[in-house]
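Just below is one structure, and these are the notes that go with it.
The values are calculated or read from the model by the stated rules, or taken from the named source; none is laboratory data. From a predicted model like this one, the values you see are computed outputs, not experimental measurements. Here the Cβ is made from the backbone with ideal geometry for all residues, glycine too, and neighbour counts use every protein chain on show. For the accessible areas, the whole protein counts, side chains as well, though only heavy atoms, and no ligand, DNA or RNA atoms are used. Shrake-Rupley method; radii C 1.70, N 1.55, O 1.52, S 1.80 Å.
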Amino acid sequence: MSNAFTFHMSSTCRGPLTSAKPQLIDELKRTIRDVKDFPKPGIVFKDVTPLLLNIPLFGQAVKAMADPYRSAGITRVVSIESRGFLFGAPIALELGAGLVPIRKPGKLPAATQRVEYALEYGTDALEMHHDAVQPGDRVLIVDDVLATGGTANAAAQLVAGTGAAVTGFTFLIELDFLKGRQRLQGRRVEALLHYA
Ligand code: AMP
């Protein structure tokens, strides 16, 4: 399946995750907590910690996030610090793939590759162990929230720099109004919950 086709599918039909049961979507939206003005004024923070306490619901969310990629031949799940780890680890187990953490600079112990990316003010950076992903790997990138897409796009650059294929992304939450999906253009993007 070509990238152009998968992007078309994802951007217009939103892909298989929209077929997740409406009851599951409703229950997840009721469980995830909005925290206003965190970490700074004007931000509504999507707090997933109540979901982590609800074992059956957490399990259903993980399975639903993995579902679109079950036949995609994923060999590595790359998850983004820090809440991405909470979903990346169980999704890697679901898909029978190795788990790779992407972290803020200075946190990973062995030799790393680094990517810098622009924030609203200034720049930030992410690192990945240099030997964690190899050419020929098929990589799924996982995070809790897709907002502006800057973080996920940086993770994709890091993976692509190794010669591996970024097969797609899966998020628990997409903040549609921030249009982060546009920055990931050309790649398959799946999200379980959408906020307009
Ligand atoms: P972005 O690079 O703008 O797409 O931001 C994505 C990263 O920031 C993810 O790792 C999220 O965990 C975090 N993030 C951004 N906005 C929110 C939000 N409203 N609630 C919770 N996490 C967020």
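Going through segment 73-96 one residue at a time, which ones are assigned to a loop (DSSP other than H, G, I, E, B) and touching a helix residue (DSSP H, G or I) at 6+ places or on another chain (Cβ under 8 Å)? Residue satisfying the conditions is I74 alone.
Hey, any hits in segment 139-148 for a residue that's buried (at least 18 other Cβ atoms within 10 Å of the Cβ) and more than 16 Å from the ligand (Cβ to nearest atom)?
Going residue by residue through segment 139-148, those that are buried (at least 18 other Cβ atoms within 10 Å of the Cβ) are 139-147.
The next check asks that each one be more than 16 Å from the ligand (Cβ to nearest atom); those that pass are 139.
Checking segment 139-148: at least one residue is buried (at least 18 other Cβ atoms within 10 Å of the Cβ) and more than 16 Å from the ligand (Cβ to nearest atom).
Quick check on segment 103-115. Is at least one of its residues in a loop (DSSP other than H, G, I, E, B), surrounded by 18 or more Cβ atoms within 10 Å (Cβ to Cβ) and under 17 Å from the mean Cα position of the chain (by Cα)? There is no residue in segment 103-115 that is in a loop (DSSP other than H, G, I, E, B), surrounded by 18 or more Cβ atoms within 10 Å (Cβ to Cβ) and under 17 Å from the mean Cα position of the chain (by Cα). Residue pairs whose Cβ atoms lie under 8 Å apart, sitting 6 or more positions apart in sequence or on different chains, and linking a residue in segment 71-84 that is farther than 17 Å from D124 by Cβ and in contact (Cβ under 8 Å) with a residue 24 or more places away in the chain to a partner that is of a type in the set (S, T, N, Q) and in a strand (DSSP E or B), are A72/T167; G73/T167; I74/T167. Residue-level check: of (1) at pLDDT 95 or above; (2) within 16 Å of the ligand (Cβ to nearest atom); (3) within 25 Å of V48 (Cα to Cα), L158 misses just (3).
Only one of the numbered conditions (1) more than 17 Å from E190 (Cβ to Cβ); (2) open to solvent by 60 Å² or more (accessible area, probe 1.4 Å); (3) more than 15 Å from the ligand (Cβ to nearest atom) is not met by Y121, and that is (3).
Residue-wise test of (1) surrounded by fewer than 18 Cβ atoms within 10 Å (Cβ to Cβ); (2) hydroxyl-bearing (S, T, Y).
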position	(1), (2)
R33	yes, no
G59	yes, no
A66	no, no
R70	yes, no
S79	no, yes
A92	no, no
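In summary, P101 fulfils each of the numbered conditions (1) more than 12 Å from the ligand (Cβ to nearest atom); (2) touching a residue at least 60 places away in the same chain (Cβ under 8 Å) with the single exception of condition (2).
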